[in-house]
Amino acid sequence: MHSSKSKSRPNKPSKLPVPCFDWTFSALGTKWWIGIYEPLRAAAIAHLKKTITERIELFDRTYSRFRPDSLVAHIARKAGTYRLPPDAAPLFAFYRRLYELSDGLVTPLIGQVLVEAGYDANYSLMPRILRRPIRWDDAFTIHDQTLVAKQSILLDVGAAGKGYLVDIISELLVREGVLQFCVDASGDLYCQNLQGALRIGLEHPDNPEQVIGIADLQHGALCGSAGNRRAWGAYHHIINPQTLEPVRNVRAVWTAAQNALTADGLATALFFVPPERLAVQFQFSCCIVYNNATVHMSKHFPATLFTVK
């Protein structure tokens, strides 16, 4: 599963708080950074690296639509009954809530639309005729760890999957006894129990070398989304499944929440749904930059904006 829609950038680790150990690596087609703010022995670090690498590989082998050996690729080739990993239940339950709140605009069935628009496994970037995705209940059902695909379907969990994996890695760290850390998947971040706040630059939606504000993050998640990170021709990766056009009225969204699954998924949902509608079911704060350069920022969103041009 490849995704690079993030719009938040952490400052360099040399700024306070300073990690005792940090690790930069590539996974899911993007750069990851993990900072640990407590001393660890070399053997513990080696064990964590191995465990995290294996866990990310398992997630990618399940949900990637860019590799032919993934479970998602098998479902795309043939209808039938499939066994899902235990972590699938909260991910698809979350997607179902977003699907209903957005009247189907946030859907894991967007995969085929993205492929037809040119965002395919080969990155052809050559659009074809786009077709609206079918309704969720006509496509598949999920009960416990069993998915029944009523026809071949191409699932795409990119709207929330990377944030969910950040949560999974964070929970892994806690199980291994690490209590002070930050996991950053190219801007989908979760921090826990830091002694001071990281300062996060909110990337300018038109210029990745500039920021429009600074957010402070000490505990919790911060995620972002914008169309400019995956754009080609007339398209970017946030496509309305009904109009089959990329969303144009929103330029960038950042959300803060207790976990990265929620923050990441809502950062996409806010391209389609006003924040007050999502607030009925979710606790979060947000900053939304609209196409006319106006800004909506929640009262408790942990950031200070400079200017938007």
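Within segment 82-139, the set of residues being basic (Lys, Arg) and farther than 30 Å from ALA279 by Cβ comprises ARG83, ARG128, ARG131.
VAL211 - would you say it is closer than 29 Å to LEU109 by Cα and of a type in the set (A, V, I, L, M)? No. Against the test of being closer than 30 Å to ALA257 by Cα and of a type outside the set (Val, Ile, Thr), the options ARG128, ARG83, ARG77, ARG135 yield a single qualifying residue, ARG135. If we scan segment 262-271, do we find a residue that is within 19 Å of ILE110 (Cα to Cα), more than 12 Å from the chain's Cα centre (by Cα) and crowded, with 17+ Cβ neighbours inside 10 Å? The answer is yes; a qualifying residue exists.
One line per residue, one yes/no per condition, for (1) buried (at least 23 other Cβ atoms within 10 Å of the Cβ); (2) within 24 Å of ARG67 (Cα to Cα); (3) over 21 Å from the mean Cα position of the chain (by Cα):
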| site | (1), (2), (3) |
| --- | --- |
| PHE92 | no, yes, no |
| LEU98 | yes, no, no |
| LEU101 | no, no, no |
| ALA121 | no, yes, no |
| SER124 | no, yes, yes |
| ILE142 | no, yes, yes |
| SER152 | no, yes, yes |
| LEU173 | no, no, no |
| ASP184 | yes, yes, no |
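Of all residue pairs spaced 6 or more apart or on separate chains, those with beta-carbon atoms under 7 Å, a first member in segment 221-237 that is touching a residue at least 40 places away in the same chain (Cβ under 8 Å) and of a type in the set (Ser, Thr, Tyr) and a second member that is crowded, with 20+ Cβ neighbours inside 10 Å and part of a strand (DSSP E or B) are SER225/VAL253. I'd like the residue in segment 207-260 that is small (Gly, Ala, Ser) and farther than 27 Å from SER124 by Cβ and, out of all such residues, is nearest to the chain's Cα centre (by Cα). The residue in question is ALA260.
Could you tell me which residue of segment 103-119 is modelled with the lowest pLDDT, considering only residues that are assigned to a loop (DSSP other than H, G, I, E, B) and more than 19 Å from the chain's Cα centre (by Cα)?
Checking each candidate, the answer is GLY118.
In segment 29-44, the condition of being in a helix (DSSP H, G or I) and surrounded by 13 or more Cβ atoms within 10 Å (Cβ to Cβ) is met by at least one residue.
For the condition part of a loop (DSSP other than H, G, I, E, B), modelled with pLDDT of 95 or more, farther than 21 Å from GLN151 by Cα and not acidic (Asp, Glu), LEU58 does not qualify. For segment 49-69, filtering for residues that are touching a strand residue (DSSP E or B) at 6+ places or on another chain (Cβ under 8 Å) and either buried (at least 16 other Cβ atoms within 10 Å of the Cβ) or acidic (Asp, Glu) (or both) leaves 3.
When segment 216-264 is filtered for residues that are of a type outside the set (Ser, Thr, Tyr), under 14 Å from ILE288 (Cα atoms) and in a strand (DSSP E or B), the ones remaining, listed by number, are LEU222, CYS223, GLY224, ALA226, VAL250, ARG251, ALA252, VAL253, TRP254, ALA256. All conditions but one from (1) within 18 Å of GLY111 (Cα to Cα); (2) modelled with pLDDT of 95 or more apply to GLY29; the one that does not is (2). Restricting attention to segment 164-190, the residues that are among the charged types (D, E, K, R) and touching a Cys at 6+ places or on another chain (Cβ under 7 Å) add up to 1.
Of all residues in segment 70-89, those that are in a helix (DSSP H, G or I) and surrounded by 14 or more Cβ atoms within 10 Å (Cβ to Cβ) total 8.
Within segment 138-162, residues that are part of a strand (DSSP E or B) have Cβ atoms under 7 Å from residues that are among the charged types (D, E, K, R) in these pairs: PHE140/LYS150; THR146/ARG83, counting only partners at least 6 apart in sequence or on another chain.
The values are calculated or read from the model by the stated rules, or taken from the named source; none is laboratory data. Since this is a predicted model, take the numbers as computed values, not measurements. Counting neighbours? That spans all protein chains shown, and the Cβs are built from the backbone with ideal geometry, glycine included.
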